[in-house]
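Structure, as structure tokens:
Please treat every number below as a calculation from the coordinates, not as lab data. Since we're looking at a predicted model, the values are computed, not measured. Here the Cβ positions follow ideal geometry from the backbone for every residue, glycine too, while neighbour counts run over all protein chains shown.
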Amino acid sequence: MTAAATEPQTAGAVLMVRPASFGSNVETAGSNFFQRSAAGVRDAAAQARREFDGLVLALAEAGVRVHQFAGREDLALPDEVFPNNWLSLHADGTAVLYPLLAANRRLERRPQLLAQLADACGYRLDRAIDLTALEARNEFLEGTGSLVLDREHHVAYACRSPRTHDRALQEFARELEYEIVAFEAVDGAGRPIYHTNVMMSVGTRFAALCTSAIADATQRRMVLERLEQAQREVIVLGDTELASFAGNLLELASSKGPVIALSAAALRSLAAPTRRALERHGTLVAADVATIERIGGGSVRCMLAEVALPRHLLGA
């Protein structure tokens with residue numbers, strides 16, 4: 001992909017992994033303050049599957065193509081419902097595999113799913129960029145959790161954390177010819193935010209952002225100016241909205257028009273002006289994923305890997 005090349009900001013299809021063994025992950029709890037214990041939750045995996053199915057149905061009814069894959073029964077993978085951390089797919093036929101902090105999450109990577117997308121679903125895959133060797137140097141970059149992409153302008157926003165390292169960002173930027181806008185971010189209690197996509201989302205004409213999370217005024221101004229240069233309306237999220245995963249939303253293209261996918265908890269948390277601002281940019285499609293949010297520490301956007309790959313030409 002050349003530096004001048006662009007791609008649509010939104011995808012009309014998503015890849016999702018239905019969890020086989022969802023549960024608490026002690027290896028990720030140290031850096032993810034959204035996670036809560038599974039104690040007292042009866043059959044969390046079954047509840048997570050029901051929530052997953054509800055999100056699939058809501059997206060499909062809204063006109064989004066969902067490519068659903070079964071989770072692995074042979075391994076205990078508590079976070080496999082979040083495939084966006086190990087995979088991103090791009091409009092020039094590129095797939096990127098990412099280095100993950102937690103050793104037990106690295107087992108979630110399933111390159112064979114790419115072959116299934118190509119063979120069974122009709123997508124064209126031209127190259128794969130494998131960044132996973134960075135794990136040997138303890139350098140991590142957890143996909144579109146770490147990266148919030150302005151695909152149209154080739155800008156990647158990233159808050160530094162134990163899961164998002166500068167050298168890994170530089171490698172991504174070199175391989176995909178992206179500009180990196182990196183910063184530090186914390187929640188209302190001053191705790192470092194583990195993934196950029198819980199505080200920020202970039203759509204076609206808007207950006208939802210918890211501006212107060214970027215404590216450094218110079219960094220905050222840098223982010224806002226770059227968003228304004230890209231002609232995005234900045235929709236400011238408050239700390240309460242951040243804590244309810246309102247930053248963890250994703251604009252998608254659908255057969256019925258723009259869709260903004262988010263959780264039921266995120267939708268409930270939106271202040272009236274915030275909701276009205278988002279509704280100017282698409283239909284809000286919400287699903288209850290409370291168990292996944294509480295135990296997994298991630299929400300709707302984390303469950304969706306956009307399939308931006310080109311389709312095979314008919315007769316080719």
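General remarks:
- Helix-only mean residue ellipticity at 222 nm for the chain, each DSSP H run of n ≥ 4 adding -39500 (n - 2.57), per residue, nearest 500: -7000 deg cm²/dmol
- For region 38-123, the Kirkwood estimate of hydrodynamic radius, built from reciprocal distances between every pair of different alpha carbons, is 14.9 Å.
- GNM top mover of ASN84, ASN248, ASN104 - the chain, alpha-carbon springs below 10 Å: ASN104
- The Kirkwood hydrodynamic radius of the chain, based on inverse pair distances between different Cα atoms, is 19.3 Å.
- Here the residues VAL186, VAL81, VAL181, ranked from fewest to most Cβ neighbours within 10 Å of their Cβ, fall in the order VAL186, VAL181, VAL81.
- Ascending count of other beta-carbon atoms within 10 Å, so fewest first, for ILE180, ILE295: ILE180, ILE295
- DSSP-loop GluC sites (Glu not before Pro) across region 180-256, with at most 15 other Cβ within 10 angstrom: GLU184
- Summary of the geometry: region 252-316 and region 98-161, compared by the centres of their Cα atoms, lie 19 Å apart.
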